[in-house]
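The structure under discussion appears below in the form of structure tokens.
The values are calculated or read from the model by the stated rules, or taken from the named source; none is laboratory data. Since we're looking at a predicted model, the values are computed, not measured. With ideal geometry, Cβ positions are generated from the backbone for all residues, glycine too; neighbour counts draw on all protein chains shown. With ligands, DNA and RNA removed, areas are computed over all heavy atoms of the protein, side chains included. Shrake-Rupley method; radii C 1.70, N 1.55, O 1.52, S 1.80 Å.
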Amino acid sequence: MKRTFVRIVALITILSLLLIACQPKPTEAPKPAEPAAPAEPAKPAEPAPAEPAKPAAGVVEATPGQTVDMVLLPKFLGILVFDQANQGAMEAHKELGNKGKLEFLGPTPENSVAGQIDIVTTATTQGVDAIMISNNAGDQIAPAAKAARDKGITVVTWDSPIPSAEGEQVFVAQVDFDETGVVMADMALSILGEDGGKFAVLSASPDAANQNAWIAAMKEALKDPKYAKLELLDVVYGNDQSEDSYNQALALVDKYPDMELIMAPTTVGIAAAAKAMQDEGLCDKVKVSGLGLPAEMVSYTLNGCAPEFALWSFVDLGYLTYYVSYLLATGAIKGEVGETFKAGRMGVYTIEKDPTREKGLRVLMGPFKVYNKDNVEAEAGPQEEAGGTPVKAEKGKNIDMVLLPKFLGILVFDQANNGAMEAHKELENTGKLEFLGPTPENSVAGQIDIVTTATTQGVDAIMISNNAGDQIAPAAKAARDKGITVVTWDSPIPSAEGEQVFVAQVDFDETGVVMADMALSILGEDGGKFAVLSASPDAANQNAWIAAMKEALKDPKYAKLELLDVVYGNDQSEDSYNQALALVDKYPDMELIMAPTTVGIAAAAKAMQDEGLCDKVKVSGLGLPAEMVEFTLNGCAPEFALWSFVDLGYLTYYVSYLLATGAIKGEVGERFEAGRMGTYTITKDPTREKGLRVLMGPFTVYNKDNVEAAAK
């Protein structure tokens with residue numbers, strides 16, 4: 001019996017050991033509490049640092065070398081923070097060896113909402129793989145984003161999301177929006193002190209989802225008893241334009257005499273408000289705070305106008321956004337809660353539910369950094385290279401200026417003159433603005449004569465839409481030798497000799513791609529044969545666009561498009577009309593005429609209509625909605641593109657005035673304000689061996705859905 005008992009005990013012991021051995025082994029066995037120290041409870045086992053919590057799939061890494069065409073879309077162009085985001089995206093693009101294109105496309109400030117929607121709509125038709133949107137259109141952009149998603153295009157938002165999240169896969173948030181509200185409340189309390197005070201908010205635009213969320217979060221934070229003595233008076237909008245924000249800041253001072261602080265959660269607004277307080281000698285009475293760039297805020301922080309402000313790195317935001325978009329577009333991640341991925345030098349991130357919206361996912365970048373007199377100079381130092389504070393024109397100077405189109409009698413040049421006259425009046429220039437041009441049949445010699453004559457008559461600035469190639473260079477150089485400002489617009493001097501800066505309507509390489517994309521869109525996947533009807537052989541812009549299109553056609557996606565010929569109508573309606581019909585006779589199997597000239601496209605469309613050929617030969621290119629609406633609606637010219645010539649004339653005038661008054665020198669990196677159009681930067685012109693440019697942008701593609709509205 002005793003032996004049997006021993007055997008039973010032994011058997012139970014063996015079974016117990018086997019059961020223990022079969023259980024999963026813990027990463028680290030918890031230690032029992034030490035009886036000698038009962039007052040200190042046992043600590044739970046800490047997770048091993050090498051094994052962070054993550055989904056079963058692990059950390060996803062991008063596969064370099066894929067071909068992904070991507071568009072980075074800021075709220076609008078001309079803002080330093082968006083340029084910095086583009087730098088970050090370009091860094092990631094190069095790092096990942098992406099064989100596709102990265103385009104930085106944005107609207108003008110005054111057309112931001114409609115412009116963003118147009119760019120998304122156009123990009124959707126042009127076969128891009130990913131669109132990265134800093135949304136300034138609220139939920140108005142959702143249908144365009146959804147249409148892009150329906151086409152299989154990756155849509156990621158950054159900086160500012162789509163409020164409803166419709167059409168958006170993931171939002172890359174710079175910081176937690178609720179935290180932003182608390183940071184602003186904390187800075188207000190820090191500046192106003194324990195006794196509190198009254199303050200107002202100067203925001204960007206009513207449609208900016210990020211601004212609205214930050215302000216809502218700040219209002220929520222102000223309910224905390226610690227902020228009980230802070231009183232929010234008002235929220236106003238400067239539309240992220242310097243002049244509007246400057247005026248709104250002064251209007252707040254007039255409206256609220258006991259206001260002590262302006263809180264501006266926008267880099268444009270905070271700098272404009274601080275300058276307004278400084279200019280009016282109000283810095284002792286009204287302080288400024290919010291979200292700003294150290295390079296733009298350093299002087300205001302050191303002189304006490306803006307004692308404290310905060311921000312994050314926009315370079316990092318652009319870099320992280322690119323990684324998220326690339327991973328989604330290549331199928332490496334799906335855009336689901338819990339997915340963890342590596343974003344190059346920035347480390348590992350996880351997709352999570354966006355707690356600031358009812359729907360939507362986000363990737364949270366972070367963190368905030370608060371700047372004051374102790375750290376702002378160190379941070380501003382390296383950022384000065386990006387251009388520093390934009391130069392603003394001084395009104396009321398006496399500058400005699402000549403606007404010289406290719407020739408007279410063309411509507412787009414009249415529109416450019418309207419823009420120049422608007423700027424002339426706005427800047428209160430006491431000098432003369434003359435609109436002088438040759439006749440179409442004497443354009444080359446006539447332009448040279450006008451430049452030569454203007455040089456002898458003591459004008460201060462000549463603005464040239466060049467139609468004479470390098471033949472005009474000696475006359476332009478002679479003008480420069482006399483101290484006259486020479487700026488080109490619409491069409492530059494190819495060698496850049498005699499020219500200080502070229503104001504480019506759009507990126508010339510982009511123009512070539514847009515024409516190739518429209519040809520493909522019209523002719524379809526089976527492709528077809530087409531010819532180009534250009535302006536004149538000496539038009540530098542036309543030549544550059546056609547060269548860019550030929551380069552674009554080397555891409556396999558355009559393999560079934562065949563360019564037959566390039567002919568010239570000399571930007572005269574009759575010549576262009578006849579050249580279009582001659583192309584039809586010469587190439588019976590031609591299906592499309594591409595005319596990158598407003599005169600040529602209208603003349604070619606009329607020729608096809610008059611001859612009943614619209615079902616056989618379509619027309620596309622660069623045209624004016626007012627001139628093309630009939631041909632687009634009847635199917636002769638189903639698709640075409642253009643930019644605003646009014647804006648081009650306006651911007652050209654600003655550049656020329658700033659140069660002629662000595663406010664800017666015409667050097668790479670100089671940043672300046674161009675009135676209602678916002679801030680621009682002088683860059684090296686990538687389309688020429690020499691020369692500088694200011695890039696306006698963007699394109700709008702017109703079809704039967706939007707041409708009537710634009711034609712009004």
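For region 420-528, the relative contact order is 18 percent, taking Cα pairs closer than 8 Å that sit 6 or more residues apart in sequence and dividing their mean separation by the residue count.
For the chain, what does the relative contact order come out to in percent, with C-alpha contacts under 8 Å and a separation of six or more? If you can, show how the numbers build up before the last one.
Numbers: 1531 pairs, mean separation 81.5, N = 712.
For the chain, the relative contact order is 11 percent.
Shape of the chain from the C-alpha gyration tensor: oblate (a/c of 1.5 or more and a/b not above b/c, with a ≥ b ≥ c the square roots of its eigenvalues). Just report the Cα centroid separation between region 426-444 and region 496-549, whole Å. Each part reduced to its Cα centre gives a spacing of 26 Å.
With charges only on Cβ, +1 for K and R and -1 for D and E, what is the dipole size of region 291-423 about its Cα centre, in debye, rounded to 20? The partial results should precede the final answer.
Working: 13 positive and 17 negative charges, 75 e Å.
I would put it at about 360 debye.
Within the straight-line cut-off of under 14 Å between alpha carbons, the aspartates and glutamates reachable from K334 are E61, E168, E352, sequence neighbours fewer than 8 places apart in one chain being disregarded. For L592, the residues whose amide H sits under 5 Å from its own are A531, K618, ignoring neighbours fewer than 5 places away on the same chain, with H placed 1.01 Å from N.
For the peptides 225-236, 513-524, 264-275, the ranking by packing is 264-275, 513-524, 225-236, with the highest mean count of neighbouring Cβ atoms within 10 Å listed first. Remark on D565: its backbone amide H falls under 5 Å from those of V532, a criterion applied only to residues 5 or more positions apart or on other chains, H modelled at 1.01 Å from N. Here T439 and K557 are evaluated by their C-beta separation; at R0 = 45 Å the FRET efficiency comes out at 0.60.
Let me check I've understood the local charge: for S495, count other residues with C-beta under 9 angstrom from its C-beta, Lys and Arg +1, Asp and Glu -1. What total comes out? Residues near S495 contribute -2 overall. Near the amide H of G528, within less than 5 Å, lie the amide hydrogens of L561, E562, all on another chain or at least 5 residues away, with H placed in the peptide plane.
May I ask which of K287/K373; K229/K392; K75/K146 have a Cα-Cα span longer than 26 Å here? Numbers along the way, then the final one.
On the way: K287/K373 14 Å; K229/K392 38 Å; K75/K146 18 Å.
Those over the limit are K229/K392.
Each Lys and Arg Cβ is given +1 and each Asp and Glu Cβ -1; about its Cα centre, the chain then shows a dipole of about 2400 debye. Taking every protein chain into account, the accessible area of the chain amounts to 42 square angstrom per residue (probe 1.4 Å).
Based on DSSP H runs of at least 4 residues, each adding -39500 (n - 2.57), what is the mean residue ellipticity at 222 nm of the chain after dividing by all its residues, to the nearest 500 deg cm²/dmol? Value at 222 nm, helices only: -12000 deg cm²/dmol.
Potential lengthening of the chain between N247 and K151 amounts to 30.2 nm, from the contour at 0.36 nm per residue minus the alpha-carbon distance.
Roughly speaking, what is the centre-to-centre gap between region 624-669 and region 274-312 when only Cα atoms are used, to the nearest Å? Comparing the Cα centres of region 624-669 and region 274-312, I get a distance of 35 Å. Of interest is the spacing of the C-alpha centroids, which for region 393-415 and region 108-159 amounts to 34 Å. The charge dipole of region 474-628, taken about the Cα centre with unit charges on the Cβ atoms of Lys, Arg (+1) and Asp, Glu (-1), comes to about 240 debye, rounded to the nearest 20.
Counting only protein heavy atoms and using a 1.4 Å probe, what share of the accessible area of the chain belongs to carbon plus sulfur, as a whole percent? Walk me through the numbers on the way to the answer.
On the way: 15770 of 29910 Å².
Ligands and nucleic acids excluded, carbon and sulfur reach 53 percent.
Span-like helix criteria (full DSSP H runs; alpha carbon extent of at least 24 Å along the helix axis; mean Kyte-Doolittle hydropathy of at least 1.6) are satisfied in the chain by 2-22.
Positive end of the dipole of the chain (Cβ unit charges, origin at the Cα centre): among T154, I450, V253, the Cα lying farthest that way belongs to T154.
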